[in-house]
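Read the figures in this text as sums done on the coordinates, not as results from a lab. Keep in mind it's a predicted model, so treat the numbers as computed, not measured. Backbone-built Cβ (ideal geometry, glycine too); neighbour counts: all protein chains shown.
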Amino acid sequence: MNEPLLIRFDTRRDCETQWRAVMARATRRLDMFDPDFAVFPLGASEVDAQLRTFLMGGGSLRLACHDPAHIERNAPRFLRLLRDYSHLVECRQTPRALRQLTDSFCIADNLHVLRRFHSDWMRGEAAFDAPEAVDVPAHRFAALWEESRPALAASVTGL
């Protein structure tokens, strides 16, 4: 295993760069939580290509959010990806009782993580080859996932 690497960021561009770097290192599983995924370009063609390559390689993707409306309105490529890989992609919506959670994170293979400390700000950090940095977000994601219900069905219509 490589030496752990921690990169702090505080701009949207740097956040997106580190998010893509975390996704690029994923081989088995990507777990992501954000209140609405408005900051992450899930509908971008490059992200679609990256996720399709990841999923074709046998990876799985789980998204948890408070409100999937932004994805439904602004990410038709992601909705096609969900339809094409419904056996490997699952999206869930948190219950109302958890809507006060405002952090945001992306975990790759329980080894790499991008964390935004608050979803209203771009300030955060990315940790690579750092299982100890993944521990708390991974536990939070597991708890969120358990409490959430399915959302973004693969047969979303109206596009």
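Here are some notes:
- Label sites at SER45 and ARG8, each approximated as a point 7 angstrom past Cα along Cα to Cβ, lie 3.7 nm apart.
- Reported to the nearest whole Å, the Cα centre-to-centre distance from the stretch 57-90 to the stretch 115-130 is 21.
- Available extension along the chain between ASP120 and ARG52 is 21.6 nm, counting 0.36 nm per residue and deducting the alpha carbon span.
- When the inverse distances between all different Cα atoms of the stretch 10-65 are averaged and flipped, the Kirkwood radius reads 11.8 angstrom.
- Unit charges at the beta carbon, dipole of the stretch 1-142: most positive-side option, SER86, LEU101, VAL134: SER86
- Each eigenvalue of the Cα gyration tensor of the chain, multiplied by 5 and square-rooted, gives one semi-axis; in descending order these are 22, 18, 15 Å.
- Sites matching trypsin sites (Lys or Arg not before Pro) across the stretch 85-153 that sit in DSSP coil, with at most 13 neighbouring C-beta atoms within 10 Å: ARG99
- Using a simple spin-label model with pseudo-atoms 7 Å out from Cα toward Cβ, ASP103 and ARG28 lie 2.2 nm apart.
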